[in-house]
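Nothing in this text is a laboratory measurement; each read-out follows from the coordinates by a stated rule. Because the structure is predicted, anything quoted here is derived from the model rather than measured. We place every Cβ from the backbone using ideal geometry, glycine too, and count neighbours over all the protein chains shown.
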Amino acid sequence: MTDSSSSAKIKPMQGALGRLLGILILAQLGFPAAGRAQTIEQRRPIPVFDIPYVENSQVLSTARLKGRVTVIFFWATWCQFCKKRMPALAQIEAAFPAGRVQTLLLNVDSDRELAKKFLQEHPAVKSSLFDQDLRIKKMASVRAIPYSLILDDKGVVRFIQEGDRANEISILLRKVQKLTGEKGAS
């Protein structure tokens, strides 16, 4: 009798521990249980380096990110959440006066051709940068895709959004509004 009652107590505990362990493993692999958002208090500008575009041989220098608020959206061709969010990202830039805000897509696939093919099949997505050696992904400590950074007009990371959230675009829009001091179009 003691045996069965003690084993009954252990089983639920094993189940809860098993679920917790599973969540921790998934989070470590880059699959958070829920999207995380973080406002950054430590304010350092991002380093200056060149980022190539997916579709051609041109590069964008991070030095050119200064002067306007920038949303950088990390994406991959296998990420269904990313594909759903991409059209809405253009709304963020369009909500503010020209030149105040820019949105940049940054592909983190290991194969540039996959990203090129995606852009050809989705003409609404006009352009994307390519993290060819994943150094930007590593530098930004990206653990989950989709992943968004918001830089202020001095090129300083001010906000991070990690993983999928149903209201991601409205969160990003509010953060951009705060940084620009403008309400933006709704």
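The length gained by stretching the chain between E113 and S61 to full extension, at 0.36 nm per residue less their Cα-Cα distance, is 16.5 nm. Each residue of the stretch 100-117 was assigned a 3J(HN,Hα) from its phi angle through the Karplus expression (A = 6.51, B = -1.76, C = 1.60, θ = phi - 60°), giving 8, 9, 9, 10, 10, 9, 10, 7, 10, 5, 7, 10, 4, 4, 4, 5, 4, 4 Hz with x at Gly and Pro. Restriction of the GluC sites (Glu not before Pro) in the stretch 40-111 to DSSP coil positions whose beta-carbon has at most 13 other beta-carbons within 10 angstrom yields E41.
Rounded to the nearest Hz, the phi-derived 3J(HN,Hα) couplings of the stretch 89-94 under the Karplus curve 6.51 cos²θ - 1.76 cosθ + 1.60 (θ = phi - 60°) are 4, 4, 5, 5, 4, 5, where x marks glycine and proline.
For K66, a cut-off of 13 angstrom between C-alpha atoms picks up these aspartates and glutamates, skipping any fewer than 8 places away in its own chain: D152, D153.
Kindly list the residues of the stretch 52-92 that lie in the label zone of Q120, defined by a backbone N under 13 Å from the point 7 Å along the Cα-to-C-beta vector. Flagged as within label range: 55-56. Extending 7 Å from the Cα toward the beta-carbon at both R44 and R174 defines two label points whose distance is 2.9 nm.
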